Amino acid sequence: MSLIGFPNPVNEVAARCVAAGVVISAAGILVLGTAVGSAWLWLSVLLAYGFLARVLTGPKLSPLGQLATRVLAPRIGHERLVPGPPKRFAQAIGATLTVAAVVFLAVGLPGVTVALLAALVAAAGLESILGLCLGCKAFAVLMRLGVIPAQTCAACADLSLRSSNPASRADRQALRG
């Protein structure tokens with residue numbers, strides 16, 4: 001098993017748990033950063049690490065990813081498999097936002113950091129509460145435009161070939177008719 005790599009498919013329940021953790025973490029950083037002092041905004045470094053770890057290794061090196069996949073998702077319920085590449089793309093957007101937030105904080109622009117973290121809370125909130133992954137939607141648009149080659153996600157089109165869960169495989173086969 002390789003350390004570097006992103007799972008494909010991804011358990012949507014675990015992805016939404018990660019998003020909920022991001023909402024809680026980023027909102028907490030925002031509250032502390034605005035109510036107590038901007039020095040608390042440096043906790044954004046931890047968010048940036050988590051996103052970078054998930055982009056590079058999936059949940060393997062991400063404490064939040066481990067919590068979501070090993071503890072929370074199994075207790076919440078039935079896994080729902082979705083393609084991995086769009087979720088990885090979404091994680092990369094999160095990494096970009098949080099790294100930029102840290103850079104802006106480092107150059108003395110905490111207001112920009114606050115705005116980027118607020119955008120992150122909004123996007124992760126949509127994912128965790130409604131299952132609406134903005135990064136996944138952007139990935140689909142970029143595929144339609146040909147910016148992302150079709151073969152990038154062609155392998156994830158037929159998830160039934162990869163599922164280790166017989167119930168999930170049977171559900172998908174029944175839906176296909």
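With the contact rule set at Cα under 8 Å and sequence spacing of 6 or more, what percent relative contact order holds for the chain?
Working: 236 pairs, mean separation 51.7, N = 177.
Contact order relative to length: 29 percent.
For the range 1-89, taking Cα atoms only, Rg and Dmax work out to 14.2, 44 Å respectively.
Report the gain in length on full extension from Leu46 to Ile76: 0.36 nm times residue separation, minus Cα-Cα distance, nm rounded to one decimal. Could the numbers behind the result be given before it?
Values: separation 30, 0.36 × 30 = 10.80 nm, distance 2.56 nm.
Going from the current span to full extension adds 8.2 nm.
Based on the Cβ-Cβ distance of Thr152 and Val107, what FRET efficiency does E = 1/(1 + (r/R0)^6) give at R0 = 30 Å, to the nearest 0.05? About 0.30, to the nearest 0.05. Inter-label distance, Val36 to Ile4: 3.7 nm, where each label sits 7 Å from its Cα along the C-beta direction.
For the chain, the solvent-accessible area of protein heavy atoms averages 53 Å² per residue (probe radius 1.4 Å; ligands and nucleic acids excluded).
On the chain, 70 percent of the accessible area sits on carbon and sulfur atoms, based on a 1.4 Å probe. Pick out which of Leu72, Leu56, Leu145 has the largest mean-square fluctuation in a Gaussian network model of the chain, springs linking Cα atoms closer than 10 Å. Fluctuation is largest for Leu145.
Rolling a 1.4 Å probe across all protein chains gives Cys153 an accessible area of roughly 20 Å². Report summary: the helix-based calculation at 222 nm, which adds -39500 (n - 2.57) for every DSSP H run with n ≥ 4 and divides by the residues of the chain, gives -19500 deg cm²/dmol.
Count Lys and Arg as plus one, Asp and Glu as minus one, and take only other residues whose Cβ is under 13 Å from that of Cys133; the net charge is then +3.
The values are calculated or read from the model by the stated rules, or taken from the named source; none is laboratory data. This one's a predicted model, so the numbers in the text were calculated from it and none came from an experiment. Positions of Cβ are generated from backbone atoms using ideal geometry, with glycine treated the same way; all protein chains shown enter the neighbour counts. Surface accessibility is based on the protein's heavy atoms, side chains included, excluding ligands, DNA and RNA. Shrake-Rupley method; radii C 1.70, N 1.55, O 1.52, S 1.80 Å.
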